[in-house]
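The values are calculated or read from the model by the stated rules, or taken from the named source; none is laboratory data. Keep in mind that this is a model prediction, so the values were computed, not measured. Virtual Cβ from ideal backbone geometry, glycine too; neighbours counted across all protein chains shown.
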Amino acid sequence: MNVEFIEALDQLAKEKGIDKDTLLEAIEAALISAYKRNFNSAPNVRVEIGRDSGEVHVFARKTVVESPTDTRLEISLDAAMDILPTYQLGDVVEIEVTPRDFGRIAAQTAKQVVTQRIREAERSIVYNKFIDREEDIVTGVVQRQDARAVYVELGQTEAVLPASEQMPTDRFQMGDRIKAYITRVERTTKGPQIVLSRTHPGLLKRLFEFEVPEIYEGVVEIKSVAREAGYRSKIAVYSKNPDVDPIGACVGSRGMRVQAVVSELHGEKVDIIQWSEVPEEFVANSLSPAKVTSVQIMEDERIARAVVPDYQLSLAIGKEGQNARLAAKLTGWKIDIKSETQAAELGMFGRLTPDLDDDLDEVGTLSADWLNEP
């Protein structure tokens, strides 16, 4: 090794962000092992690399004693004083024992260490870059796929999209650009592993943040998300600014914003719901597109009883119970849905807000006029 080697290390330190001294210390440690392996040396050796010249020197470290019993580890006081008169018993003497052809071994070892450290540094850079992007959305290119997963290139590294995290409607071809949600980033012996998802509710939330500037700027807030990936989703939105319509902002002009999200999710239907801090209103809104005539809340049991017109019952429940199931996920309430006829037979009635008692008719349901109000 020589000056050119040191200059190369300086360049690597700048490009890869590896500390030069740390790299040299690692090479020195590796050279000690290489020396012992090739020259059957005792364990008391030290390797030094010139920080400016790149020259490699090997030193045997021997303890000064009266009568040496192992000359590989010990040296007599007289012999030590021939080297330096100030040596005393118990001191450690370093004697250079650099082999003639050690330069070749040193160069090979240094190359291996540098290559390993560069690989480790690159893995660390990738890990640090993506660990901060957990629960964020990324765009990548499909590289390959098998029965277990799709492998997506994300610039410097490859991420995995497991089969369990793919939507039923996902069909990928090599070279396709896809958006996915980072669920976790882990360190492994083979480098960082980035796990993606296309089914996570967070993907829907991030897609709306990307498409709707009002959400990104904080004017409109997504309060909750419920999703059955590939089929249907509901999001509850809210704005503190009374001049901003949160649903309209998410839908966009001619529905362009929501359609961009639906297109990315391969046709998954998305219901955009007005969030309310009043549980009755929120539950009623969550059952959209069904119209709800009344809601009764039972706080202790965390149950909401919703009453809908007879002809809206199947719509409120949805195909195989999907609409009711998503509404329950969205609101956090267990929702019991009854038709007006069923409610009348059971003597049920409820209200959408505590302030609307005057709007209740004889059987305790809200007038349809109130439901059509903005």
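Quick notes on this structure:
- Hits in region 124-154 - residues which are within 12 Å of the chain's Cα centre (by Cα) and among the basic types (Lys, Arg): LYS129, ARG133
- Test: residue in region 237-259 that is touching a strand residue (DSSP E or B) at 6+ places or on another chain (Cβ under 6 Å), under 30 Å from VAL160 (Cα atoms) and assigned to a strand (DSSP E or B): no
For (1) part of a strand (DSSP E or B); (2) at pLDDT 95 or above; (3) among the acidic types (Asp, Glu); (4) within 22 Å of GLN322 (Cα to Cα), each residue gets a yes or a no:
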{"position": "ARG144", "(1), (2), (3), (4)": "yes, no, no, no"}
{"position": "ARG171", "(1), (2), (3), (4)": "no, no, no, no"}
{"position": "GLY175", "(1), (2), (3), (4)": "no, no, no, no"}
{"position": "ILE178", "(1), (2), (3), (4)": "yes, no, no, no"}
{"position": "VAL185", "(1), (2), (3), (4)": "yes, no, no, no"}
{"position": "GLY230", "(1), (2), (3), (4)": "no, no, no, yes"}
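- Subset of region 1-58 (residues that are surrounded by fewer than 14 Cβ atoms within 10 Å (Cβ to Cβ) and of a type in the set (Asp, Glu)): GLU4, GLU7, ASP10, GLU15, ASP19, ASP21, GLU25, ASP52
- Residues of region 280-339 that turn out to be aliphatic (A, V, I, L, M) and either assigned to a helix (DSSP H, G or I) or touching a Pro at 6+ places or on another chain (Cβ under 6 Å) (or both), as a count: 12
- Residues of region 192-228 that turn out to be part of a strand (DSSP E or B) and in contact with a strand residue (DSSP E or B) (Cβ under 9 Å, 6 or more places away or on another chain), as a count: 14
- Those residues of region 151-161 which are in contact (Cβ under 8 Å) with a residue 24 or more places away in the chain and either over 11 Å from ILE194 (Cα atoms) or assigned to a loop (DSSP other than H, G, I, E, B) (or both), in sequence order: LEU154, GLN156, THR157
- The lone exception for LEU89 - which of (1) touching a helix residue (DSSP H, G or I) at 6+ places or on another chain (Cβ under 7 Å); (2) surrounded by 13 or more Cβ atoms within 10 Å (Cβ to Cβ); (3) modelled with pLDDT of 85 or more it fails: (2)
- Members of region 92-139 found to be modelled with pLDDT of 80 or more, farther than 15 Å from GLY155 by Cβ and touching a strand residue (DSSP E or B) at 6+ places or on another chain (Cβ under 6 Å), listed by number: VAL92, VAL93, GLU94, ILE95, GLU96, VAL97, THR98, ILE131, GLU134
- The residue of region 29-77 that is farthest from the chain's Cα centre (by Cα), among those that are charged (D, E, K, R) and farther than 24 Å from VAL113 by Cα, is GLU66.
- Residue satisfying condition, being touching a residue at least 40 places away in the same chain (Cβ under 8 Å), of a type in the set (S, T, N, Q) and outside the structural domain of SER164 (by TED's automatic domain parsing), within set SER263, SER233: SER233
- Out of ARG104, ARG119, sole residue that is assigned to a helix (DSSP H, G or I), within 26 Å of the chain's Cα centre (by Cα) and assigned by TED's automatic domain parsing to the domain that holds LEU23: ARG119
- Residues in region 167-220 that are on the phi > 0 side of the Ramachandran plot and in the same structural domain as VAL270 (by TED's automatic domain parsing): GLY218 alone.
- Restricting GLN274, GLN312 to those that are without any contact (Cβ under 8 Å) to a residue 60 or more places away in the chain, surrounded by fewer than 21 Cβ atoms within 10 Å (Cβ to Cβ) and closer than 20 Å to PRO201 by Cβ reduces the list to GLN274.
- Flag for PHE208 being more than 30 Å from ASN38 (Cα to Cα), surrounded by fewer than 19 Cβ atoms within 10 Å (Cβ to Cβ) and at pLDDT 90 or above: no
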